[in-house]
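Each reported figure results from applying straightforward, stated rules to the coordinates on display, with no laboratory input. Only a predicted model underlies this, so the values are computations on that prediction, with no experimental measurement involved. For neighbour counting, all protein chains shown are included, and Cβ atoms are generated from backbone atoms with ideal geometry for every residue, glycine included.
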Amino acid sequence: MQRSSFNKTEKIALHATLKVTLGSIWLLFSPLAMESLAELLGKQLVEVKGTLHDLHTILNIPEETLRPIRLHHPTCRDFLLDMNRCADPVDWVDENKVYRIMADCCLTSMEKELKTDFCDLPAFAE
């Protein structure tokens, strides 16, 4: 499906997803593989693939989804994270917002995956 066939609401949602996905790639200390990025953001792998599909000019996106995604041009990161340098304010990525989203996604993942007593220790009160 071509992006031009989306209505205004769908385009806004796609743009928001793109900003969070790219923002996460740019802000992470160590590059993540596509599968790990999808898991971090609580997205399906197919959704992350679709989001990044047309971005091979700025990202090195390996065919193997277990290899890290890397920036071709680190200066692109600077343009979209700096409101004063970003050509279009709509494309500006608010790094604080992306950090909050990633933190929320991490907490959600931890709530799903971690159990209360993962060492199966006896209760101290017993």
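The chymotrypsin sites (Phe, Trp or Tyr not before Pro) of segment 87-126 that meet both conditions, a loop assignment by DSSP and at most 16 other Cβ atoms within 10 Å of the site Cβ, are 118, 124. Charging the Cβ of each Asp and Glu at -1 and of each Lys and Arg at +1, and nothing else, the dipole of the chain about its Cα centre rounds to 540 debye. Counting only alpha carbon atoms, the long axis of helix 8-27 and the longest principal axis of the chain meet at about 70°. Helix 95-113 versus the longest principal axis of the chain: what angle, 0 to 90°, nearest 10, using Cα atoms? So the helix axis and the longest Cα principal axis differ by about 40 degrees. Here the residues 57, 116, 17, ranked from fewest to most Cβ neighbours within 10 Å of their Cβ, fall in the order 116, 57, 17. For segment 10-94, trypsin sites (Lys or Arg not before Pro) are listed when DSSP marks them as loop and at most 11 other Cβ atoms sit within 10 Å of their Cβ; the list is 85. Could you please tell me the mean projected area of the C-alpha convex hull for segment 3-113, averaged over all directions and given in square nanometres to one decimal? Seen from a random direction, the Cα hull of segment 3-113 projects 7.6 nm² on average.
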